[in-house]
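Read-outs throughout are calculated quantities, based only on the coordinates presented, and are distinct from any laboratory measurement. Small disclaimer: the values here were computed from a predicted structure and weren't measured. Note: ideal-geometry Cβ built from the backbone for every residue, glycine included; neighbour counts use all protein chains shown.
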Amino acid sequence: MQKLIFYFRDNWLAVAAFVLSVASLGFTVIKNIKDRNHADDKELMEQLKQSIQLAYEAVEVRSGSPTNIRTRWLTSARHIVRYRELKLFLKTNLYRTICDEQEEYWSNKFYALLQGITDSAFFESINQETMEKEQIEPRSAALVYSMSVWPKGKADPIDAEAFEAIVERYELFSPLYRHFREYVSGKHSKLAEKVKKKAGS
């Protein structure tokens, strides 16, 4: 033990250099892994965008209404399943957030599209090739509809923002936004009171 102490005392510069080189190597490896993960996620994100867009386009007809062709709903459902499988491979928080943004955009598009279905008869049609009746497969319909719904248990980013903090930060009760202020004061008086209290504190 004493010899070891003497060795470190007499060779502290060499030991320090060794420790620094090991630490530097460690940082380089970690940086390389992070860079690789970002590059992989960037590439994967392009495929995710394409998959969700293809899923939407499969069930939309040119007029912006949903199609009731069975095979197109099956195609859309397959794209949705693959999209969700691929999403699990994202490694970085940055690209998970970007993916959530894209999903929110397409979820709203799916929701608006599916509002065009006004009755249950929509799910039945005549196959133009065989001239036989066919129905949209229930699982594919469920998967397509699932894209228009906010997932149960998923945190809403809005919940992290307090109303009064937003109003104060962006000065939304200034005369420039008087119609908004009047709306909140008239229809949501408790929120208006919270803003006044925060401004007075």
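For this structure, a couple of remarks:
- Among residues other than ILE117 with Cβ under 13 Å from its Cβ, the summed charge is -3 (Lys and Arg +1, Asp and Glu -1).
- Subset of LYS87/LYS154; LYS42/LYS154; LYS152/LYS190; LYS49/LYS87; LYS109/LYS133; LYS49/LYS109 violating a 20 Å alpha-carbon distance limit: LYS42/LYS154; LYS152/LYS190; LYS109/LYS133
- Cut-off 15 Å (backbone N to label point 7 Å along Cα→Cβ of GLU168), residues of the range 181-201: 191-201
- The range 36-76: trypsin sites (Lys or Arg not before Pro) in DSSP coil with no more than 14 other Cβ atoms inside 10 Å: ARG62
- For the range 180-188, 3J(HN,Hα) computed residue by residue from phi via the Karplus equation (6.51, -1.76, 1.60; θ = phi - 60°) reads 5, 4, 5, 4, 5, 4, x, 9, 9 Hz, glycine and proline entered as x.
- The phi-based Karplus calculation (6.51 cos²θ - 1.76 cosθ + 1.60; θ = phi - 60°) puts the 3J(HN,Hα) values of the range 193-199 at 5, 4, 5, 4, 5, 5, 5 Hz, whole numbers, x for Gly and Pro.
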